[in-house]
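First the structure, in the form of structure tokens, and then the observations on it.
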Amino acid sequence: MNKTVFSQIMNHASRYQFDYLVKKYKGNKNSHKFSCWDHFLCMSFAQLTYRNSLRDIEICLTAQPKKLLSMGIIGNPTRTNIANANQARNWRIYADYAQKLIYQARKLYQDEQPFTVNLENTVYALDATTIDLCLSLFPWAKFRNKKGAIKLHTLLDIRGSIPSFIEITDGLVHDVNVLDELILEPGSYYLMDRAYIDFTRLYKINTEHCFFVTRAKKNLNFRRVYSQPVDRLSGLVCDQVVKLNVTKSANEYPENLRRIKFYDKETEKTLVFLTNNFEVPPLIVAELYKNRWKIELFFKWIKQHLKIKSFLGTTSNAVKSQIWIAISIYVVIAIIKKRLSIKMSLYSMLQVFSVTLFEKTTIHDLFFDDEIIPIDNLDINRQLDFYDFIE
């Protein structure tokens, strides 16, 4: 085997599509000695091996210079070259490339069935997570008087836990604004928390023939139009058709809404849902909203295992480039997992790759050697069961 493990991983990422985007954004202009592809490979290596600084990347890559060419790195991976690339290379190259990888991954995972209920519709969870930054180092990332931050707005396809939409903004942008950027898919479900309650935007979802499920705010002013009988033993308290009372809200959302109150015995909490779907049983609405928590687990996972909390550059371009490259690597590993039918969790795959990138053995042999004890059997991975369902 002449190819390194790193080179085999990158073979699952289309070079043709990447070069098209580089040409589109003129990414290699005046930078022939260290191309955008070299930059992408070096930053991908940093992600896969958990490097903490530009010096770390340079030392590790130049430690085995004879293997760089077989890894696909033609340019000189010095910290100066990488730092300049982080500063100057258009982050949109990596953002658009990540979207193309996401498109491939979603096709591979479209038959996943993570629900206890049978639904053919695509189900998305929408939420945002905040990444804290030092305001003196990142003055463009305004959040509070003495604190900087960026927000990672994400629309997660529940089947396969693949992000279908990501928007990076400064910390001042309210979560609900991202609804204006979404391209809605008719017939799909959008699961959101109370931060996304804006009746103008919810009505747009309704007019686009999509369904939303969200939590009602405590001060919701409404009048009951009709009540459906419910089985209280199932945890249902009520299933109502309601109309908004406040004039402003009623003008923004002039049609009826469905209000479902459900008592969750596990958490001992009463939850009130709002939806524009009047057909599905109320327990399915509650089950759908329960799946929204998968996006919280997704955020927790990427913060723990991808380098998106400390950055190798302080400009907006450097931060966005690093985040998009991190997302690209996450998606590439998910693609490999599905294509090769690997049973290990994504976390375990990343751990194996982190110590074998320079090895010249096949990825298949890394994960299908009967003598190797699966890492998933170790207790250290129990908190990551969220990704066990991706099989």
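When each of 223, 194 is scored by the number of other beta-carbon atoms lying within 10 Å, the sequence from fewest to most is 223, 194.
Charge tally around residue 241: other residues with Cβ under 12 Å, Lys/Arg +1 each, Asp/Glu -1 each, net +3. The calculated P(r) of region 192-344, using every Cα pair and 5 Å bins from 0, goes 2, 7, 14, 15, 13, 10, 11, 10, 9, 6, 2, 0 in percent. Rounded to 0.05, the FRET efficiency of the residue 203 and residue 245 pair, given R0 = 25 Å and the Cβ-Cβ distance, is 0.95. Amide H contacts of residue 237: 261, 262, 263, each under 5 Å away and 5 or more positions distant or on a separate chain (H built 1.01 Å from N in the peptide plane; Pro and chain starts excluded).
With the chain treated as a Gaussian network of Cα nodes joined by springs under 10 Å, which of 150, 183, 260 yields the largest mean-square fluctuation? Its mean-square fluctuation being the largest, the pick is 183. Summarised in one figure, the compactness ratio Rg/Rh of region 30-118, Cα atoms and Kirkwood Rh, is 1.13.
In sequence order, region 312-322 has phi-based couplings of 9, x, 10, 7, 4, 5, 5, 5, 5, 4, 5 Hz under the Karplus curve 6.51 cos²θ - 1.76 cosθ + 1.60, θ = phi - 60°, and Gly or Pro positions carry x. Please report the net charge: other residues with Cβ closer than 14 Å to the Cβ of residue 139, K and R +1, D and E -1. Surrounding charge for residue 139 is +3. A cut-off under 12 angstrom between Cβ atoms defines the neighbours of residue 121, and their net charge, with Lys, Arg +1 and Asp, Glu -1, is -3.
Please give the residues of region 141-167, grouped as numeric ranges, whose backbone N is less than 18 Å from a label point set 7 Å along the Cα-to-Cβ vector of residue 264. What the label zone holds, given the 18 Å backbone N cut-off, is 158.
With θ taken as phi - 60° and the Karplus curve 6.51 cos²θ - 1.76 cosθ + 1.60 applied, the whole-hertz 3J(HN,Hα) list for region 10-18 is 5, 5, 7, 10, 5, 6, 4, 5, 5 Hz, x standing for glycine and proline. Overall shape of region 193-280 was characterised from the C-alpha gyration tensor. The equivalent ellipsoid obtained from it has semi-axes of 22, 14, 13 Å, in decreasing order. Estimated at 0.36 nm per residue, the fully extended path between residue 252 and residue 26 surpasses their Cα-Cα distance by 77.0 nm.
GNM remark for the chain: springs join alpha carbons under 10 Å apart, and the peak mean-square fluctuation among 89, 258, 55 falls on 55. Note: the chain, Cα convex hull, 164 Å³ per residue.
The slack in the chain from residue 173 to residue 354, taken as 0.36 nm per residue of separation less the alpha-carbon distance, amounts to 61.6 nm.
Taking 325, 59, 166 as the candidate residues, the one with maximal mean-square fluctuation in a Gaussian network model of the chain, Cα springs under 10 Å, is 59. Among 172, 101, sorting on how many other beta-carbon atoms sit within 10 Å of each Cβ, with the fewest leading, yields 172, 101.
Of 119, 69, 274, 244, how do they rank once you tally other Cβ atoms within 10 Å and put the fewest first?
Ranked by crowding around the Cβ, least crowded first: 69, 119, 244, 274.
Each reported figure results from applying straightforward, stated rules to the coordinates on display, with no laboratory input. These numbers come from a predicted model, not from an experiment. Every residue, glycine among them, receives a Cβ derived from its backbone with ideal geometry; neighbour counts consider all protein chains shown.
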